[in-house]
Every structure is written in C-alpha cells, then in structure tokens.
Amino acid sequence: MLMDQLKEMANFTNHEKDIASYVLDHLEEIPQLTSDELAKLSFTSKATVIRLCQKLDLSGYQEFKLKLVAEVNQEERINRLLANEPITDQSTPNDIMKTLPFLYDKSITNTRLTINENTMNRINNRLKTMDEIHLYGTGISYMLAQSAAYKFSTLGVPCSSFESINGHVLAARKKERIVVFLISFTGANKTIHQIAQYLKEATDYYIVGIMGPHSQGIEKWCDEIIEIPNRDSLLSLDVIHSFSSANYVLDIIFGMLLAERYENHVLSSVEMLNHQSLLLDKLDN
C-alpha cells in the first residue's frame, strides 16, 4: 500500500524522505496541493516530487494524490468500523457474556422491523397447501438449513436440506407442491442465485429467499423475499447478526407450521410421552 511505502521510506533519498514525512503529517492537505506547492512546503523541488512518484510505481503526482486519498478514506472507514465493534482485544469473558445478548436482541429486533407482514401471510397461506419443504444454503447457511429441516420435521412436516441441485430428482418431482427456502446471509451468493434460477425455470415450486441486503437480481427467481439485515462489520460479528436474523425468520416459519398443526402436534407429543421410557437410558442399580 502507498502509505506503507511512505512510512517505510525504503531506498528513499533524504529529500524524498522529507516529502514522505510531510505527506504523512499533513494527509488532509495533500489533495488540495499541487506538486509545486508540495515541493515548497517540504523544502524540496518539483522534480524530486515527480521522481518519488515514479519510484512508487505511479505515473505522476495526480495518480499519487488519487491513490493516497483512496487509502486515507479506506483507513478512516476501517477505524469507524472498529470503533463500533462491541468486542475488542480489551474485552473480558464477562464483557462478552454481557454483550452477546445485546447483539442477539438487536439482530432480532432489526429483522422484525424489516419483515413485511403481508409477505409472511402469503407464505403462511402457501404452507397450508404444501406437501414438502426444501431448504438450500451453502457453508454456514447450509448448517442453518439442516437445523431448520430437523425442527420442521418434529412437526411431522416432510423436509429436506440441500447444498446443490439434483436435476434428476427435480425433473421427476417438478409438479409437486413444494415450498423452497433459499438462505444467503449477504444475498449475493452466486450458488444460491443459480439454484434460484434453476428452480424457477425447471419446477413449479414456491420459492422464498431469506436474503441479506445485497440480493439484487435474485428477486426475479423468487416468489417472495424476506430480507435479513447484514451488519457492516469489519470482523466476524456479522456472522452472529446474520445467523441470528435468519434463524429468527426460520423460527417464525416453524411457529406458523406449529400453529397450523397444533392439535396433531399435541397428540403426537402425548404419544411420545407414553413411550418415553423406551428412549431413555436407565442405569442399573
């Protein structure tokens, strides 16, 4: 990076070091200065300024300024992001235990405020007539899909999770009443976009995208989009926010399925209790 090169001053002459030192001490001023002005302020010459730019593999002073401004802006953005991080190198285990419930609550609250009630009502109506649920994800979102499939199956709902398309199976079942949930924390996952397009063009499934805010382009392949907020985070905490948000949406789906199948679920739960002793490992006395 340009600023790293200026700080290292590797193979710089004394006059070039004077220019580099002035630039680093007056970053805010440089975009407004000409090469002549920089030379005078650093007590060097315009020729030395140009030679320094060339030594930095730049075409000239104008490119030097543009690159410097871009790096300064990026550094300021990084500093702003780090300033907002709730967990730092100074955080103790107790700090983290106190912070995480706040993060969960914020993620769920932001998601709840984003969700459109009419969208959820339309999805709920379609779930009442479906034969099966399919969930698609990649990486950690696939793990979330697997977890949701397990929860849905406890209600007696036929459900499967997938990481990719099985064309033969879809061709054989293209007319079935299947509701599909596609999960992408960013909304920009190319694999999920390709899956959405394939399902839309090759099947009659009802497709719901649970997507982050960068889902432009996938809307045409989905019947509904449920947006999950994606926190602008420099560190890995965006995974916590996205995971919590998507899991909250899937738990809403679980709740809707439970409400529709409440009586049957109560009966099956009672039946399970009647045979619970067969599921428990008992220690011999």
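The values are calculated or read from the model by the stated rules, or taken from the named source; none is laboratory data. Since the model is a prediction, treat every value here as computed from it, not as a measurement. Note that we place each Cβ from the backbone using ideal geometry, even for glycine, and neighbour counts take in every protein chain shown. SASA here: full protein model, heavy atoms, side chains in, ligands and nucleic acids out. Shrake-Rupley method; radii C 1.70, N 1.55, O 1.52, S 1.80 Å.
Beyond 18 Å between alpha-carbons counts as too far, so tell me which of LYS200/LYS220; LYS175/LYS200; LYS151/LYS190 fall in that bin. In this structure, LYS151/LYS190 lie more than 18 Å apart at Cα.
Of the whole protein surface, GLU219 contributes about 80 Å² of accessible area at a 1.4 Å probe radius. According to the square roots a ≥ b ≥ c of the eigenvalues of the Cα gyration tensor, what is the shape class of region 1-47, taking rounded for a/c under 1.5, prolate for a/b larger than b/c otherwise, and oblate for the remainder? Oblate is the answer for region 1-47, as a/c is 1.5 or above yet b/c matches or exceeds a/b. Once you've got the GNM for the chain with C-alpha springs shorter than 10 Å, pick whichever of HIS15, HIS265, HIS193 has the biggest mean-square fluctuation. Result: HIS15 has the largest fluctuation of those listed. Remark: accessible surface ordering of ARG126, ARG51 (largest first) is ARG51, ARG126, probe radius 1.4 Å. Just checking the listed ones, SER268, SER245, SER184: in the Gaussian network model of the chain with Cα springs under 10 Å, the one fluctuating most is SER268.
Once you order the gyration tensor axes a ≥ b ≥ c over the Cα atoms, which shape class does region 190-269 get: rounded for a/c under 1.5, otherwise prolate or oblate by comparing a/b with b/c? Oblate, because a/c is 1.5 or more while a/b does not exceed b/c. Just the accessible area for SER153, please: 1.4 Å probe, Å², rounded to the nearest 10? My reading of the accessible area for SER153 is about 50 Å².
Modelled spin-label separation between LYS40 and HIS26, with each label point placed 7 Å from Cα along the Cα-to-Cβ direction: 1.1 nm.
How fast does the chain diffuse by Stokes-Einstein, in µm²/s, taking the Kirkwood radius from C-alpha pairs at 4 °C and 1.567 mPa s?
In µm²/s, the coefficient is 55.
Summing -39500 (n - 2.57) over the DSSP H runs of n ≥ 4 in the chain and dividing by its residue number, what mean residue ellipticity at 222 nm do you reach, to the nearest 500 deg cm²/dmol?
-18000 deg cm²/dmol
The relative contact order of the chain comes to 14 percent, based on Cα pairs under 8 Å that sit 6 or more residues apart.
In the chain, the longest principal axis of the Cα atoms and the axis of helix 14-25 are about 50 degrees apart. Each distinct pair of alpha carbons in region 1-149 adds a 1/r term; the inverse of their mean, the Kirkwood radius, is 20.8 Å. Using only side-chain charges placed at the Cβ, +1 for Lys and Arg and -1 for Asp and Glu, the dipole size of the chain relative to its Cα centre rounds to 640 debye. Be a star and scan region 138-178 for residues whose amide nitrogen sits under 17 Å from the point 7 Å along the Cα-to-Cβ vector of ILE115. It comes to 145, 148-149, 151-152, nothing else. With the biggest extent put first, the Cα atoms of region 82-215 measure 57, 28, 27 Å across the principal axes.
Taking a straight Cα-Cα cut-off under 30 Å and skipping sequence neighbours fewer than 8 places away in the same chain, the lysines within cross-link reach of LYS7 are LYS17, LYS40, LYS46, LYS55, LYS65, LYS67.
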